[in-house]
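All of the numbers you see were taken from the coordinates with simple rules; none came from a lab. Source: prediction; values computed, not measured. Cβ placement follows ideal geometry from the backbone for every residue including glycine, while neighbour counts extend to all protein chains displayed.
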Amino acid sequence: MTAEIQRRAWMSLLAKALEGRLLALWEGYGASPEFHWLRAPEIGATMVRGRLGGTGAPFNLGEMTLTRCALQLASGEVGHGYVQGRSKDKARIAALVDALMQTDQATAIQAAILTPLAAEMAEIKETRAAKAAATKVDFFTMVRGED
């Protein structure tokens with residue numbers, strides 16, 4: 001995997017993570033690196049776009065609330081945080097994790113924060129899929145033999 005694809009994967013995971021769980025994992029990691037804000041956390045809205053069937057013409061689905069920020073560690077790495085909702089803390093932690101993943105702490109961050117988040121997100125997805133599968137109705141036609 002290229003570095004860009006890996007970064008895209010962890011940024012997506014951080015954006016989708018449950019706020020309480022991300023905060024708990026961050027506190028469990030115990031790091032508080034020095035940084036300065038390039039862009040302090042700010043709350044705004046963004047347009048969500050969709051496509052019919054995944055290939056149709058794009059259309060505006062609606063707006064969603066978004067919190068974003070950017071910071072720079074004392075060692076020079078820049079981290080960005082873009083999260084759904086109005087949580088400045090979640091955006092700050094996402095940006096810190098993004099920046100730390102570009103340092104020699106990447107393996108420790110991966111093990112302490114990203115791997116548990118990925119496992120929990122997969123479990124949530126499986127539970128949701130199982131719930132949906134339980135309501136699935138299979139329609140079939142029986143041949144009546146009148147032909």
ask   = Summing +1 for each Lys or Arg and -1 for each Asp or Glu, what net charge is found among the other residues whose Cβ lies under 10 Å from the Cβ of Leu61?
value = +1
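Using a 10 Å cut-off around each Cβ, can you sort Asp98, Asp104 from fewest to most neighbouring Cβ atoms?
Working: Asp98 22, Asp104 8.
Lowest to highest Cβ neighbour count: Asp104, Asp98.
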remark   = Projecting the Cα atoms of Ser32, Val137, Gly56 onto the charge dipole of the chain, where Lys and Arg contribute +1 and Asp and Glu -1 at Cβ, the residue farthest towards the positive end is Gly56
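Over the chain, how many pairs of lysines fall under 26 Å by alpha carbon, counting only those 8 or more apart in sequence or from different chains?
On the way: Lys16/Lys88; Lys16/Lys90; Lys16/Lys125; Lys16/Lys131; Lys88/Lys125; Lys90/Lys125; Lys125/Lys136.
Taking the chain as the scope, the lysine pair count is 7.
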remark   = Amide H contacts under 5 Å for Leu38, restricted to residues at least 5 apart in sequence or on another chain and with H modeled in the peptide plane, are Ala70, Leu71, Gln72
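Counting Lys and Arg as +1 and Asp and Glu as -1, each charge on the Cβ, what is the dipole of the chain about the Cα centre in debye, to the nearest 20? Could the numbers behind the result be given before it?
Details: 17 positive and 16 negative charges, 79 e Å.
The dipole of the chain has a size of about 380 debye.
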request  = Specify the angular offset, from 0 to 90 degrees and rounded to the nearest 10, of the alpha carbon long axis of helix 115-134 from the longest principal axis of the alpha carbons in the chain.
outcome  = 20 degrees
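What's the ranking of 123-129, 107-113 by average number of surrounding C-beta atoms within 10 Å, highest first?
Numbers: 123-129: 10.3, 107-113: 16.6.
Highest to lowest by the protection proxy: 107-113, 123-129.
Starting from the Cα-Cα distance between Thr115 and Ala31, subtract it from 0.36 nm times their residue separation and give me the gain in nm to one decimal. List each step's numbers first, then the result.
Values: separation 84, 0.36 × 84 = 30.24 nm, distance 1.70 nm.
Gain on extension, Thr115 to Ala31, equals 28.5 nm.
First measure r as the distance between the Cβ atoms of Leu23 and Thr135, then evaluate 1/(1 + (r/R0)^6) with R0 = 30 Å and state the FRET efficiency to the nearest 0.05. Walk me through the numbers on the way to the answer.
Numbers: r = 34 Å, r/R0 = 1.12.
That pair, Leu23 with Thr135, gives E of 0.35.
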Using a Förster distance of 22 Å, the FRET efficiency for Asp104-Glu4 (Cβ separation, nearest 0.05) = 0.65
query = What value, in deg cm²/dmol to 500, does the helix sum -39500 (n - 2.57) over DSSP H runs of n ≥ 4 give at 222 nm once divided by the residues of the chain?
reply = -13000 deg cm²/dmol
